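The values are calculated or read from the model by the stated rules, or taken from the named source; none is laboratory data. The structure displayed is predicted, hence computed values, not measured ones. Because the Cβ atoms are built from the backbone with ideal geometry, glycine has one as well, and the counts that use them run over all protein chains shown.
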Number of protein chains: 4
Amino acid sequence: MIKVLSSGNSILNQYISELRDAEIQKDSLRFRNNLERLGGIFAYEISKGLSYETKEVITPLGIANVPMLVEYPVLTTILRAGLPFHQGFLNFFDKSENGFISAFRRHHKDGTFSINIEYASVTEIENKVVILCDTMLASGSSMVLAYKELITHGKPRHTHIAAVVANLEGLEYVKKHISKNDITVWVGAIDDEMTAQSYIVPGLGDAGDLAYGKKL
Amino acid sequence: MIKVLSSGNSILNQYISELRDAEIQKDSLRFRNNLERLGGIFAYEISKGLSYETKEVITPLGIANVPMLVEYPVLTTILRAGLPFHQGFLNFFDKSENGFISAFRRHHKDGTFSINIEYASVTEIENKVVILCDTMLASGSSMVLAYKELITHGKPRHTHIAAVVANLEGLEYVKKHISKNDITVWVGAIDDEMTAQSYIVPGLGDAGDLAYGKKL
Amino acid sequence: MIKVLSSGNSILNQYISELRDAEIQKDSLRFRNNLERLGGIFAYEISKGLSYETKEVITPLGIANVPMLVEYPVLTTILRAGLPFHQGFLNFFDKSENGFISAFRRHHKDGTFSINIEYASVTEIENKVVILCDTMLASGSSMVLAYKELITHGKPRHTHIAAVVANLEGLEYVKKHISKNDITVWVGAIDDEMTAQSYIVPGLGDAGDLAYGKKL
Amino acid sequence: MIKVLSSGNSILNQYISELRDAEIQKDSLRFRNNLERLGGIFAYEISKGLSYETKEVITPLGIANVPMLVEYPVLTTILRAGLPFHQGFLNFFDKSENGFISAFRRHHKDGTFSINIEYASVTEIENKVVILCDTMLASGSSMVLAYKELITHGKPRHTHIAAVVANLEGLEYVKKHISKNDITVWVGAIDDEMTAQSYIVPGLGDAGDLAYGKKL
């Protein structure tokens with residue numbers, strides 16, 4: 001199932017528009033801040049489908065029966081571009097455990113590239129609700145590789161895959177490689193095209209470079 | 001129209017539950033942080049009803065037609081308890097102009113009290129969308145007084161009144177004193193009772209004291 | 001005693017320079033963020049003179065004898081311009097109690113103005129270390145009035161007065177009206193001139209308007 | 001050269017004490033927040049030794065000659081434990097470029113372990129001032145390995161190595177393996193002992209687990 005958060009308008013669209021704007025991108029503080037705010041919004045929307053149970057809390061003036069989150073989802077992200085988006089999720093799910101996975105593009109002489117997993121630091125995910133977030137979902141291969149790496153550490157009860165901007169082709173790729181019963185995909189916007197180097201068009205460019213500086 | 005954000009479950013309920021808990025309240029950093037996060041969530045939900053227009057932005061890889069907020073709402077709050085909640089709105093509506101109004105409880109010898117407006121620092125609100133937020137809506141008299149003060153500075157196009165915890169009686173009071181065409185009321189939770197001193201029961205106690213220390 | 005934090009260079013100077021720049025000021029998010037960061041730096045520098053006592057804490061691997069702050073200072077500020085600077089202090093002194101005082105310029109027909117205190121919400125300050133912060137210290141009259149208001153609520157053990165940009169004349173005014181044994185003054189930068197309307201030159205303009213929008 | 005920031009008391013000591021406390025550690029939001037605040041303080045102290053040049057900026061009321069940072073340092077950190085500390089540096093050096101390096105402990109059957117570099121995503125560092133930060137400096141081998149990895153990407157003009165808590169033995173190890181002309185070491189506190197598994201005693205436990213959850 002694919003949920004497109006920009007289908008109804010909200011301030012989320014303003015943030016995505018600012019992320020795309022080549023002029024506004026020059027302020028990397030705002031660029032990262034927009035990704036953090038988007039992470040908060042995604043976290044909130046995903047939280048609507050989580051489980052709550054009524055507990056009794058003692059207030060200074062009485063007793064209240066209030067709904068509390070049964071279990072915090074595990075927050076995982078793909079390095080390095082996913083970090084500010086992940087931070088936004090963590091701001092909202094402050095008690096969550098976390099995982100970090102690195103996916104690296106290895107460029108070949110013929111102009112093609114392959115994606116490798118080099119680093120994975122993951123907490124217990126067996127039978128947990130997991131969120132796997134990355135800023136962009138272009139070809140979909142990083143996301144699928146990260147997911148495959150993730151499930152070598154345990155079997156999540158359900159995984160929410162989240163991306164700010166996605167490409168139609170990439171969404172198809174995810175659909176093809178991960179059973180639709182296992183995941184829900186959340187995206188902020190869907191763009192139609194992709195370059196030969198798997199950058200989304202119009203997209204926003206290289207999210208990692210824009211947040212953290214041009215990688216050598 | 002009254003919109004109750006806790007009617008469907010979300011992480012918002014977790015934050016309100018933590019705000020109520022007399023143990024968790026001892027950590028004023030978390031108390032303020034929960035109010036900020038709630039301000040962000042209210043801002044986001046209110047933003048779904050604002051106006052957007054499609055603009056062209058130039059990305060590093062192309063041209064995108066994207067929806068952008070036509071006009072930021074003016075954010076106003078009641079001192080001092082409303083400040084952390086207001087900060088959450090401002091985190092999300094970073095380009096908004098702001099207003100601050102102080103409502104002060106004057107306690108009389110017979111145990112009753114009246115509420116006075118002492119300070120109002122407000123930007124242009126004529127024909128603007130305005131958000132007026134306060135942490136608690138108990139008797140409703142602070143909120144109504146602040147609103148009445150506000151409209152001496154101009155006539156807003158529409159005003160969103162927002163409170164984390166409200167009391168039924170207070171909501172009735174607001175309804176009685178402000179035309180329902182002029183406002184939308186957003187609340188996080190509704191409690192049934194109120195003490196003689198107009199504290200909501202079970203509520204969460206004195207939000208200003210909990211955020212900033214016991215007032216002399 | 002006057003401590004000028006910009007006398008040795010540090011990133012503090014970068015923030016003050018950005019606050020001054022009429023172009024960069026257009027981004028009110030960055031303007032407020034710079035004030036918050038400066039509040040953090042002032043808090044840290046002031047914290048070097050506070051009292052600490054060694055306490056035993058149990059770590060997961062042993063027992064450590066560590067220095068902990070004996071008493072958090074009370075943080076007070078002048079509305080509305082002081083709020084983002086105060087937020088920076090509160091980020092660093094998260095357990096502090098707080099006070100808010102409003103000083104209002106009443107403009108007279110002859111072009112002069114007087115400053116009135118309208119609102120004061122202050123926690124217990126008797127025998128406490130107090131920080132009184134405002135973004136600008138121009139003529140010094142707001143700061144002196146706020147201090148005089150403050151000490152009607154109790155006698156602080158010592159008060160640290162903090163301002164991002166100060167004027168020489170204003171510093172003289174403070175010195176003349178408050179005993180030098182009672183206060184330490186901390187400033188980020190000192191400018192020489194002042195307009196007839198008591199705006200510091202070159203200064204940065206109206207800090208309240210820049211942070212929160214032009215006041216009616 | 002080793003600079004020990006806790007040698008004079010400041011609020012930095014309060015944060016380190018809270019990080020150590022097994023009870024306070026249960027709140028991972030505060031744990032990460034303390035690391036972020038410490039990153040800000042380290043950034044500020046390091047910034048005192050950076051280069052500034054006077055530039056002319058136009059304020060709304062005149063022209064100011066102000067000192068601005070000539071060049072932002074490159075901020076690099078070791079995954080995953082260094083991330084919240086690094087975030088604090090980035091909050092203060094918002095225009096900096098960044099690098100991320102993963103160091104992984106590979107535990108051997110005989111109880112010993114070796115540290116491997118798996119992932120390095122680094123921006124241009126040639127002739128730049130670089131900050132390499134990690135929460136703990138225990139045996140020193142992660143830090144030295146990360147540094148050695150770093151300089152395969154270019155030769156920094158100078159590198160500041162920063163750690164919240166360090167061990168004497170680890171500081172000796174760094175001194176032995178990196179020329180003292182190339183680096184300045186900044187630490188928040190120095191502890192005497194270390195376990196066979198290279199955890200600092202009394203230290204604070206496993207910083208990565210405390211910030212992000214127990215790693216599988």
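With respect to D:GLY62, determine if the residue is farther than 20 Å from C:LEU5 by Cα, of a type in the set (Gly, Ala, Ser) and touching a strand residue (DSSP E or B) at 6+ places or on another chain (Cβ under 9 Å).
So D:GLY62 fits the description; yes.
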Check: Restricting the search to segment C:83-128, which residues are among the polar types (S, T, N, Q) and at negative phi?
Finding: C:GLN87, C:ASN91, C:SER96, C:ASN98, C:SER102, C:THR112, C:SER114, C:ASN116, C:SER121, C:THR123
Checklist line | Number of positions in segment B:99-158 that are small (Gly, Ala, Ser), within 11 Å of chain C (Cβ to nearest Cβ) and in contact with a helix residue (DSSP H, G or I) (Cβ under 6 Å, 6 or more places away or on another chain) | finding: 2
Margin query: So for segment B:113-127 (the condition being β-branched (Val, Ile, Thr), closer than 24 Å to B:GLY188 by Cβ and modelled with pLDDT of 95 or more), does at least one residue qualify?
Written below: no
Note to self: Just to verify a result, which residue in segment D:188-216, among those that are part of a loop (DSSP other than H, G, I, E, B), away from chain A (no Cβ under 14 Å) and of a type outside the set (Ser, Thr, Tyr), is farthest from the chain's Cα centre (by Cα)?
What the structure shows: D:ALA196
Notebook entry, point to check: Which of the residues that make up segment B:6-22 are surrounded by fewer than 20 Cβ atoms within 10 Å (Cβ to Cβ) and in contact (Cβ under 8 Å) with a residue 24 or more places away in the chain?
Noted result: B:SER6, B:ALA22
Next item on the list: Identify all residues within segment D:105-138 that are surrounded by fewer than 20 Cβ atoms within 10 Å (Cβ to Cβ) and farther than 21 Å from A:TYR212 by Cα; write none if there are none.
Entry: D:ARG105, D:ARG106, D:HIS107, D:HIS108, D:LYS109, D:ASP110, D:GLY111, D:THR112, D:PHE113, D:SER114, D:ILE115, D:ASN116
Next item on the list: For residues that are more than 13 Å from C:ILE131 (Cβ to Cβ), out of contact with any helix residue (DSSP H, G or I) (no Cβ under 8 Å at 6 or more places or on another chain) and surrounded by fewer than 20 Cβ atoms within 10 Å (Cβ to Cβ), tally how many sit in segment C:29-73.
Entry: 10
Check: away from every other protein chain (no Cβ under 11 Å), under 16 Å from B:GLY213 (Cβ atoms), surrounded by fewer than 24 Cβ atoms within 10 Å (Cβ to Cβ) and among the acidic types (Asp, Glu) - does that describe any residue in segment C:78-98?
Finding: no
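Quick grid of which residues meet (1) on the phi > 0 side of the Ramachandran plot; (2) away from chain C (no Cβ under 11 Å); (3) of a type outside the set (Val, Ile, Thr):
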site: D:ILE11; (1), (2), (3): no, no, no
site: D:GLU18; (1), (2), (3): no, no, yes
site: D:ARG30; (1), (2), (3): no, no, yes
site: D:LEU35; (1), (2), (3): no, yes, yes
site: D:ILE41; (1), (2), (3): no, no, no
site: D:TYR44; (1), (2), (3): no, no, yes
Margin query: Looking at segment C:140-161, can you tell me whether even one residue there is in contact with a His (Cβ under 9 Å, 6 or more places away or on another chain), in contact (Cβ under 8 Å) with a residue 12 or more places away in the chain, part of a strand (DSSP E or B) and not hydroxyl-bearing (Ser, Thr, Tyr)?
Written below: no
Item checked: Members of segment A:23-32 that are more than 17 Å from A:VAL201 (Cα to Cα) and touching a residue at least 12 places away in the same chain (Cβ under 8 Å) -> A:SER28, A:ARG30, A:PHE31, A:ARG32
Next item on the list: Read through the list (1) touching a residue at least 60 places away in the same chain (Cβ under 8 Å); (2) within 14 Å of chain D (Cβ to nearest Cβ), then give the number of the only condition that C:VAL185 fails.
Entry: (2)
Check: Which of the following residues is in contact with a Phe, Trp or Tyr (Cβ under 7 Å, 6 or more places away or on another chain), more than 10 Å from chain B (Cβ to nearest Cβ) and either surrounded by fewer than 23 Cβ atoms within 10 Å (Cβ to Cβ) or at pLDDT below 95 (or both): A:LYS26, A:LYS3?
Finding: A:LYS3
Checklist line | Breaking point among (1) over 23 Å from C:VAL122 (Cα atoms); (2) at pLDDT 95 or above, for B:CYS133 | finding: (1)
Check: Within segment D:167-187, can you find the residues that are of a type in the set (A, V, I, L, M, F, W, C) and assigned to a helix (DSSP H, G or I)?
Finding: D:LEU168, D:LEU171, D:VAL174
Check: Restricting attention to segment B:170-181, which residues are in contact with a Ser or Thr (Cβ under 7 Å, 6 or more places away or on another chain) and of a type outside the set (Ser, Thr, Tyr)?
Finding: B:GLY170
Note to self: I'd like to know if segment D:62-76 contains one or more residues that are touching a Cys at 6+ places or on another chain (Cβ under 8 Å) and under 29 Å from D:GLU149 (Cβ atoms).
What the structure shows: yes
Item checked: The one condition in (1) under 27 Å from B:SER179 (Cβ atoms); (2) within 11 Å of chain A (Cβ to nearest Cβ); (3) more than 14 Å from the chain's Cα centre (by Cα) that B:GLU56 fails to fulfil -> (1)
